[in-house]
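This report concerns only the one structure given below.
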Amino acid sequence: MRTIPIPVDVSKLRISCAKAPRPRLVSKETGEIKRDRDGNPIYEVTLLVEDEAGRMELVKVYVTPEPQIAPGDEVVPVGLAASIWEQAGRWGIAYRARSIIPAGSAGAGVG
């Protein structure tokens, strides 16, 4: 199944870091870190996303390089995109961003 990333408009969402960035592992047993095509480590960040109606959802977002954010920080995931995946009869949505920056920093309005 080929997936095309679907851009996510974050302009009407309030997003904060719920869990500090950590390297995404290929295997918990070996501790091997997953890397992108260029060999850079991929980081996993758990974000708390709130919409205009006050509904909240925890979302894991994958990003390279490691974002300089901490739990509780309001953030902007730049270039956030969703991809649907299917494997062995299971499916889900994976989120990836070009970067995750603090909400008040320069470039935070860039989607």
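Only the coordinates and a few stated rules stand behind these numbers; no lab work does. Remember, it's a predicted structure, so these values are computed and weren't measured experimentally. For neighbour counting, all protein chains shown are included, and Cβ atoms are generated from backbone atoms with ideal geometry for every residue, glycine included.
Here are a few things to note about the model shown:
- Interchain or long-range residues, amide H under 5 Å from residue 78's placed H: 98, 99, 100, 101
- Computed from the alpha carbon positions, the gyration tensor of the stretch 15-54 leads to an equivalent ellipsoid with semi-axes of 28, 12, 7 Å, biggest first.
- Only one residue of 21, 105, 3 has its Cα farthest out toward the positive end of the dipole of the chain, where Lys and Arg carry +1 and Asp and Glu -1 on Cβ, and that residue is 3.
- Stretch gain in nm, segment residue 51-residue 4, where the contour uses 0.36 nm per residue and the Cα spacing is subtracted: 14.5 nm
- Candidates per GluC sites (Glu not before Pro) in the stretch 4-58, loop by DSSP, up to 14 other Cβ within 10 Å: 29, 32, 52
- Which of 69, 4 has the fewest Cβ neighbours within 10 Å, and the rest in rising order: 4, 69
- Close amide H pairs (under 5 Å, H built 1.01 Å from N) link residue 24 with 34, 42, 43, 44, residues at least 5 positions away or on another chain.
- Residues 45, 26, arranged from fewest to most other Cβ atoms within 10 angstrom of their Cβ, appear as 26, 45.
- The trypsin sites (Lys or Arg not before Pro) of the stretch 1-77 that meet both conditions, a loop assignment by DSSP and at most 13 other Cβ atoms within 10 Å of the site Cβ, are 2, 12, 28, 37, 55.
- Residues 38, 51, 73, arranged from fewest to most other Cβ atoms within 10 angstrom of their Cβ, appear as 38, 51, 73.
- As computed over the chain, the Cα convex hull volume per residue (Å³): 127
- Estimated distance in nm for a label pair at residue 32 and residue 90, the labels positioned 7 Å out from Cα along Cα-to-Cβ: 1.9
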